[in-house]
1. All but one of (1) touching a residue at least 40 places away in the same chain (Cβ under 8 Å); (2) more than 19 Å from the chain's Cα centre (by Cα) hold for R18, so report the exception by its number.
2. Taking the range 133-166 only, how many residues are under 20 Å from the mean Cα position of the chain (by Cα), without any contact (Cβ under 8 Å) to a residue 24 or more places away in the chain and within 16 Å of Q121 (Cα to Cα)?
3. Inside the range 100-139, can you point out the residues that are aromatic (F, W, Y) and farther than 23 Å from F76 by Cβ?
4. Among the residues of the range 39-79, which ones are within 17 Å of the chain's Cα centre (by Cα) and loosely packed, with under 15 Cβ neighbours inside 10 Å?
Amino acid sequence: MNQAVDEVDNFRSELQQRLEINPEDINALIHLGVLEFEHFHKSELALSLLEKAVQMDPLNVDAKFWLGMSLLFDYFEYEQAESLWKEALLIDPKRADCLSMIAWSITANKGSSHEAIKYAQQALSFAPHWPMIRCQLAELFLKLGQIERAEEEVKKAIDIPAIDDKEIVDEVQRYYECVVTGRLKDEKIGYRYLLANIKEAKDKAKKEYS
């Protein structure tokens, strides 16, 4: 067993112990729920923990955010997830993660690209240093044939420096910085894929207008 796996297992054990001592430890409930959801892939357990956290603290935005993530990625419950994120935004309107994930859900559920862009742009206004949102916008602009705007967002995303791995304190933060903000991934976030699609769209447009 390598060190990274040891650290995650130890973190899980620590959270379980905290809940044994205090079953109403909201932060422990949320973090354990996220671990079970994203690392150990125990969907039912994760859902139970995160639902309990929301029930115990209905105003906890993190609990609503992660419950939405579990519902979306494990159960494909787009509307339920979006409803939770919108409830969270009533509590904290500046939560870029909730705004960005609503945009992602709309896109994944084949909703309006224009509506998704509206949410993604709101997210970007609160978190301009998150590469994932700019890549999200690039994909949406490209889908609408707005090639120059797509390329502009990718270039801006590339210019954002990645955070140092040493800043990551636990597996939950690592997942958040990889999947939600994109600040940990740098090149791996998919810049090459997006730039290749943009080049293909440019080449196609040139042929159509030549």
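Values quoted throughout were computed directly from the atomic coordinates according to the rules given, and no laboratory measurement underlies them. As the structure is a prediction and not an experimental result, all values here were calculated from the model. When we count neighbours, we look across all protein chains shown, and the Cβ atoms used for this are built from the backbone with ideal geometry, even at glycine.
1. With respect to (1) touching a residue at least 40 places away in the same chain (Cβ under 8 Å); (2) more than 19 Å from the chain's Cα centre (by Cα), R18 is out only on (1).
2. Result for the range 133-166: 3.
3. Within the range 100-139, F126, W130 qualify.
4. Of everything in the range 39-79, those that are within 17 Å of the chain's Cα centre (by Cα) and loosely packed, with under 15 Cβ neighbours inside 10 Å turn out to be H41, Y75, F76, E79.
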